[in-house]
1. Show the residue pairs that are 6+ apart or on different chains and have beta-carbon atoms under 7 Å apart, the first residue being within region 34-47 and crowded, with 19+ Cβ neighbours inside 10 Å, the second being modelled with pLDDT under 85 and part of a loop (DSSP other than H, G, I, E, B).
2. Among the residues of region 22-51, how many are among the small types (Gly, Ala, Ser) and at pLDDT below 95?
3. Quick check: anything in region 91-105 modelled with pLDDT of 90 or more and buried (at least 16 other Cβ atoms within 10 Å of the Cβ)?
4. Just to be sure before I move on: is ASP51 open to solvent by 80 Å² or more (accessible area, probe 1.4 Å) and either over 19 Å from ALA104 (Cα atoms) or touching a residue at least 40 places away in the same chain (Cβ under 8 Å) (or both) in the structure I sent?
5. Where the second residue is open to solvent by less than 50 Å² (accessible area, probe 1.4 Å) and in a helix (DSSP H, G or I) and the first is of a type outside the set (A, V, I, L, M) and lies in region 62-86, which pairs have Cβ atoms under 6 Å and are six or more apart or on separate chains?
6. Which condition number does GLU65 fail, the rest of (1) at pLDDT below 90; (2) surrounded by 14 or more Cβ atoms within 10 Å (Cβ to Cβ) being met?
Amino acid sequence: MLFGALSQQTTYLDKTIKLLGDIAALEGKWPQACDYWFQTLQSGDNAIRIDAYRKLINYYDSLAEYDEKHHRMASHLSQRLNTLYRDNYENNGATSIFQPSEIAILVASSPQSITNLRVRLLQKLFNETGGAKDFDQRICQNV
C-alpha cells in the first residue's frame, strides 16, 4: 500500500515538473524549461519521459544550425529516446501495445480520441464490435 502511494506521489511530482517546464517554455525561459524537462527524464511514467525527450530534442534541433554541440545533444537525446522505445515497447521482436496517453503524446492527440480510434479500427480491420481492449487483444493475437 505504501509503495502505491509513493509511486502515485512520484507521478504527480513528475507531471508537475513537466508542466513547470512547459510553462517556462511558453514564457520564453528556455534554459529553465530544459532544466525541468531533464528532471523528468527519470520519471517512471513513460508518457512524461517521451514528451520531455521530444521537447528537448526539438529545442536542441532549433539551435543546431548555430552550434555543433547542440546538434550532438539533439542526436544524443534522440538515441536515448530510441533506446527507451526499444527497451519498453519491444517484446521478442514484436511491438507491444502503447498506453493511449503515450500514443496521444506521440501523435499530438487526446487519449480519448486514441481510444475511439482503436474501437473504429476493431470494426474496420476485424469486422467486430467491441471496445478498445478488444482491439488490443486482437492485435496481440495477430503479432
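1. Within 7 Å, the pairs are ALA47/GLN99.
2. We begin by selecting, within region 22-51, every residue among the small types (Gly, Ala, Ser); these are 24-25, 28, 33, 43-44, 47.
With the extra rule that they be at pLDDT below 95, the set shrinks to 43-44, 47.
Number of matching residues: 3.
3. no
4. Working: open to solvent by 80 Å² or more (accessible area, probe 1.4 Å): no; either over 19 Å from ALA104 (Cα atoms) or touching a residue at least 40 places away in the same chain (Cβ under 8 Å) (or both): yes.
Here the answer is no, as ASP51 does not meet what is asked.
5. Close Cβ pairs (under 6 Å, with a partner that is open to solvent by less than 50 Å² (accessible area, probe 1.4 Å) and in a helix (DSSP H, G or I)) amount to HIS70/TYR60; HIS70/LEU63; SER78/ILE57.
6. Exception for GLU65: condition (2).
The values are calculated or read from the model by the stated rules, or taken from the named source; none is laboratory data. Small disclaimer: the values here were computed from a predicted structure and weren't measured. So basically every Cβ, Gly included, is an ideal-geometry build from the backbone, and we count neighbours across all protein chains shown. Surface areas here come from the heavy atoms of the whole protein model, side chains and all, with no ligands, DNA or RNA. Shrake-Rupley method; radii C 1.70, N 1.55, O 1.52, S 1.80 Å.
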